[in-house]
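Worksheet: the structure to be examined is printed underneath.
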Amino acid sequence: MFPVFFRVLRGMSVLMVCALVIAQTSEPRSVLERAQKAFGKPLKSDLDIFEVNQDYAVRIKFESKAIAAVHVFPKYLLNACDKNWEGPTRIKRFSPEEYVVLIEKVKELQDIGALLRVGELGPVTSMRADATDNFQNGFIVRTVVPVDGEGPSQGRIDAFSIYFLRTLVGTPETKSHFPPAGQYRIKLNGKSYLTSAEEYEKAAVGKRSSI
């Protein structure tokens, strides 16, 4: 099983953030209803983007009528969707404790299961580094601003994305492993997906399969 790899952290695509993806199906509708209970009304009526706090927003992405990912990102990125939007000049990033509380809130949309492994931070670029945490039902990719004197996976959380596991059918086109960030990726049906080390080893490029 692979979770959708829909990048929304550093280098986020404007089109990704602004895409209108509210689907008129029972599954997306029920998830969006739970999102409104957890976060309130959408920031924009035509987008599946909700407010976390004065500095951050949360976006839910669906694929094939199922929730594929949840992205938490600074609200100033909404400038790409609305030129009149005035984001903060400085943001208050999440502490590790605040991050844990927010993860529990996001679990109200769909449970990602128990934490299996905390990923170590990859290389620091532009004062940020990524880490990938493994859960029973998916992955969390964190972008962290490291703090001197704290552990290898600590620091302030700049943004994060949750990718949920689900079964996909297709022919793997490429496989790539990024050891520093603890990520295994497979390109399937023209899209890039995160996967576990076990599924990565089993997948064969050019051989159609159900994963």
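Note on VAL101 and SER64: their simple-model spin labels are 3.7 nm apart, each label 7 Å out from Cα toward Cβ. Counting every other Cβ atom within 10 Å of each residue's Cβ, PHE164, PHE139 order from fewest to most as PHE164, PHE139.
Which links in LYS61/LYS105; LYS41/LYS107; LYS65/LYS92; LYS187/LYS207; LYS105/LYS202; LYS105/LYS187 stretch past 24 Å when you go from one Cα to the other? Long pairs (Cα-Cα over 24 Å): LYS65/LYS92; LYS105/LYS202; LYS105/LYS187. Taking the number of Cβ atoms within 10 Å of each Cβ as an exposure proxy, the fewest-first ranking of TYR76, TYR193 is TYR76, TYR193.
For the pair VAL147 and LYS191, label points projected 7 Å from Cα toward Cβ lie 3.6 nm apart.
Between the C-alpha center of the range 30-75 and that of the range 158-211 there is a gap of 25 Å. Take the Cα of GLU173, step 7 Å toward its Cβ, do the same at ALA80, and the gap between the two points is 2.1 nm. When ARG29, ARG90 are sorted by how many other C-beta atoms sit within 10 angstrom of their C-beta, beginning with the fewest, the order is ARG90, ARG29.
Values in this text are rule-based calculations from the coordinates and carry no lab data. This structure is a prediction, so every number in the text was calculated from the model and none was measured. Using ideal geometry, Cβ is built from the backbone for each residue, glycine included, and neighbour counts are taken over all protein chains shown.
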